[in-house]
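Colleague: Got a structure here, written out as structure tokens. Questions coming.
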Amino acid sequence: MEAVSATMKAINFPATSTVPRATVSITVASPWSQTKLNMLTFYAPNPNTRFSSICLPRCSTKPNTDTNNETDQNPTFEPNPSLTTENPSSAVSDEVIPSSSNPPSSLSRGLVLDLGPVGSWDCTDIGSPVVKRFLSDEEERWSMWYHGVSTDSQGSDSIGLAVSSNGVHWERGKGAVKSSADVGLVMSCGNDWWAFDTQSIRPGEVVIMSSAKVRASSAVYWLYYTGYSNEKVDISADSLGFKVQNPENQSSQTGEVLRSLPGLAISQDGRHWARIEGEHHSGALFDVGSEGDWDSLFISSPQVVFHGNGDLRMYYHSFDVGNGVFSIGMARSRDGMKWIKLGKIMGGGPKGCFDELGAMNPYVVKNKKDGNYVMAYEGVGADGRRSIGLAMSAEGLKDWRRVEDEAVLKLATMEDGWDSKGIGSPCLVEMDGDVDEWRLYYRGIGNSGRCGIGMAVSDGSDITRFRKWKGFQV
């Protein structure tokens, strides 16, 4: 450990979207040893504190690694009240763009975030919403990380941040963030030729934790994301009746499938990120399956849930070539960095159902009221159309059951509706406080492949019934 510590260097986070890499590798003897692991409860941090310089470790060897596993037998993730973020209402960027405050019309019902203005980092495509609510006695604040594409990015996805005071009206930025008060572009593709994320990146989940594994002065945001390389995967899916894509790009008419893997980045303000190199040679957390495995093509949409001490669970999807369906699998970890795959947990639904050709883009939440797990997922119909379904599980492992044979959120019925061609990439938020309801954020596809991010609200605590947002009740 002394030799490793001597090589440590401090990284000052840049004020642009260029993201450094840090090598962090964990030696684990048993994946399920008794480890103290606590996830931070989301809360509203002190709005008056700013980060002038955020430092995280970078080293030429692997830090915090003990080959005999004695030093780090009990790595801990603990709450740390010193974590602070900027009040969204005080964002000072010159290019902050508020979303429309007008109630949605019948054609735009549910839409809460449209494409950015011409010339912005997200003006041609947006999606993959990851929404978090921070609640205190005085106020509530919302953050949304999502992917976007600009006209000059050659189709490559980047990750940006928007903020809100109510989860409906969002402030976004036109360009890259420059301070811990800004909103906008926060992370671009990797620049290392050998890396797994040089072509596109999309957010999967943001978890707030502190850990002895990361030498930082306070708790940090952990961003699990999908990284796409330029390696193309050959797949014969002509008999399916729709094009298989990875990443999903509704404006493209080609069925291009790129190799993708899960990655991790960390930040102390949710804006300036440092990539953490995983065990795979490309920097990813883990590799695709072997030939013949259900996940041998790609790993996409990693979403992580804290279950308990020493137990983090990642849900992700791939395309199961053997069965010709999109499928969801999971992996498990005790430290958030080293993962063990547990296999496939959900495939295609019954014939004629909305998800006959599979399930993808899972988002799992542990219900605070009954402790059960709820999964919102994107179902693929026999015609390739997408809608959103729900599944539930008592333990969140392999005992998943679909709630209904019908989607809980369907396409817009009006032909010109902004989400009339497809909806997916769900993100569930269980409301705290006096409001007994759930919110479901999602990506919608309209005519000509135009995309947006929408929101639906549950019928009270009944999570099986959602209605698209129509405006606040007066």
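Colleague: Inspect the range 128-150 for any residue being open to solvent by 30 Å² or more (accessible area, probe 1.4 Å), at negative phi, modelled with pLDDT of 75 or more and among the β-branched types (Val, Ile, Thr) and give the result as yes or no. Lay out the reasoning, then the answer.
Modeller: Of the residues in the range 128-150, the ones open to solvent by 30 Å² or more (accessible area, probe 1.4 Å) are 133, 135-140.
Still in the running and at negative phi: 133, 135-140.
Checking the rest, the ones that are also modelled with pLDDT of 75 or more come to 133, 135-136, 138-140.
Among the residues that remain, those that are also among the β-branched types (Val, Ile, Thr) are: none.
The answer is no; no qualifying residue exists.
Colleague: Out of curiosity, is Gly127 assigned to a strand (DSSP E or B), free of Cβ contacts under 8 Å to residues at least 60 places away in the same chain and under 18 Å from the mean Cα position of the chain (by Cα)? If you could, list the steps in order and put the result at the bottom.
Modeller: Details: assigned to a strand (DSSP E or B): yes; free of Cβ contacts under 8 Å to residues at least 60 places away in the same chain: no; under 18 Å from the mean Cα position of the chain (by Cα): yes.
The answer is no for Gly127.
Colleague: Mind checking whether some residue in the range 305-312 is assigned to a loop (DSSP other than H, G, I, E, B), open to solvent by 20 Å² or more (accessible area, probe 1.4 Å), closer than 21 Å to Tyr224 by Cβ and not small (Gly, Ala, Ser)? Reasoning before the result, please.
Modeller: In the first step, residues of the range 305-312 are kept if they are assigned to a loop (DSSP other than H, G, I, E, B); the result is 309-310.
Filter once more, so that each one left must be open to solvent by 20 Å² or more (accessible area, probe 1.4 Å): 309.
Right, trim to closer than 21 Å to Tyr224 by Cβ and you get 309.
With not small (Gly, Ala, Ser) added as a condition, the list becomes 309.
Taking every residue of the range 305-312 in turn, at least one turns out to be assigned to a loop (DSSP other than H, G, I, E, B), open to solvent by 20 Å² or more (accessible area, probe 1.4 Å), closer than 21 Å to Tyr224 by Cβ and not small (Gly, Ala, Ser).
Colleague: Output the number of the condition that Thr413 fails; it satisfies all remaining conditions of (1) open to solvent by less than 30 Å² (accessible area, probe 1.4 Å); (2) of a type in the set (Ser, Thr, Tyr); (3) more than 19 Å from Gly349 (Cβ to Cβ).
Modeller: (1)
Colleague: Okay, next question. For Ser301, are the conditions met, namely being under 30 Å from Lys421 (Cα atoms), of a type outside the set (Val, Ile, Thr), assigned to a loop (DSSP other than H, G, I, E, B) and open to solvent by 10 Å² or more (accessible area, probe 1.4 Å)?
Modeller: Values: under 30 Å from Lys421 (Cα atoms): yes; of a type outside the set (Val, Ile, Thr): yes; assigned to a loop (DSSP other than H, G, I, E, B): no; open to solvent by 10 Å² or more (accessible area, probe 1.4 Å): yes.
Answer is no for this residue.
Colleague: Please identify the pairs in which a residue from the range 255-266 that is of a type in the set (D, E, K, R) has its Cβ atom under 9 Å from the Cβ atom of a residue that is open to solvent by 10 Å² or more (accessible area, probe 1.4 Å) and in a strand (DSSP E or B), counting only partners at least 6 apart or on another chain.
Modeller: Glu256/Lys232; Arg259/Ser229; Arg259/Asn230; Arg259/Glu231; Arg259/Lys232
Colleague: Among the residues of the range 151-173, what is the count of those that are among the charged types (D, E, K, R) and buried (at least 22 other Cβ atoms within 10 Å of the Cβ)?
Modeller: Step one: list which residues in the range 151-173 are among the charged types (D, E, K, R), which gives 152, 157, 171-172.
Cutting the leftovers down to buried (at least 22 other Cβ atoms within 10 Å of the Cβ) gives us 157, 172.
The number of residues fulfilling the criteria is 2.
Colleague: Out of the residues in the range 107-124 that are under 21 Å from the mean Cα position of the chain (by Cα) and of a type in the set (Val, Ile, Thr), which is least open to solvent (accessible area, probe 1.4 Å)? Walk me through how you get there before you give the answer.
Modeller: Filtering the range 107-124 for residues under 21 Å from the mean Cα position of the chain (by Cα) gives 110-116, 121-124.
Checking the rest, the ones that are also of a type in the set (Val, Ile, Thr) come to 112, 124.
Numbers: Val112: 10, Thr124: 61 Å².
The residue in question is Val112.
For (1) buried (at least 21 other Cβ atoms within 10 Å of the Cβ); (2) of a type outside the set (Gly, Ala, Ser); (3) over 19 Å from Arg465 (Cα atoms), each residue gets a yes or a no:
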site: Ala391; (1), (2), (3): yes, no, no
site: Glu406; (1), (2), (3): no, yes, no
site: Gly424; (1), (2), (3): yes, no, no
site: Cys427; (1), (2), (3): yes, yes, no
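Colleague: Considering only residues that are surrounded by 21 or more Cβ atoms within 10 Å (Cβ to Cβ) and over 22 Å from the mean Cα position of the chain (by Cα), which ones fall in the range 350-377?
Modeller: In the first step, residues of the range 350-377 are kept if they are surrounded by 21 or more Cβ atoms within 10 Å (Cβ to Cβ); the result is 354-355, 357-364, 373-377.
Listed by number, the residues that qualify are Phe354, Leu357.
Colleague: Would you point out which residue out of Val186, Val207 is farther than 19 Å from Phe134 by Cα, touching a strand residue (DSSP E or B) at 6+ places or on another chain (Cβ under 7 Å) and in contact (Cβ under 8 Å) with a residue 40 or more places away in the chain? Working first, answer last.
Modeller: Values: Val207 fails: farther than 19 Å from Phe134 by Cα.
Just one listed residue meets the conditions, Val186.
Colleague: Might you let me know whether the range 338-345 holds any residue that is surrounded by fewer than 22 Cβ atoms within 10 Å (Cβ to Cβ) and closer than 21 Å to Glu404 by Cα? Reasoning before the result, please.
Modeller: Taking the range 338-345 and keeping what is surrounded by fewer than 22 Cβ atoms within 10 Å (Cβ to Cβ), we get 338, 340-345.
Restricting the remaining residues to those that are closer than 21 Å to Glu404 by Cα gives 344-345.
Scanning the range 338-345, I find at least one residue that is surrounded by fewer than 22 Cβ atoms within 10 Å (Cβ to Cβ) and closer than 21 Å to Glu404 by Cα, so the answer is yes.
Colleague: Among the numbered conditions (1) open to solvent by 10 Å² or more (accessible area, probe 1.4 Å); (2) of a type in the set (D, E, K, R); (3) modelled with pLDDT of 95 or more; (4) in a loop (DSSP other than H, G, I, E, B), tell me where Arg332 comes up short.
Modeller: (4)
The values are calculated or read from the model by the stated rules, or taken from the named source; none is laboratory data. Source: prediction; values computed, not measured. Cβ atoms come from the backbone with ideal geometry, glycine included; neighbour counts cover every protein chain shown. For the accessible areas, the whole protein counts, side chains as well, though only heavy atoms, and no ligand, DNA or RNA atoms are used. Shrake-Rupley method; radii C 1.70, N 1.55, O 1.52, S 1.80 Å.
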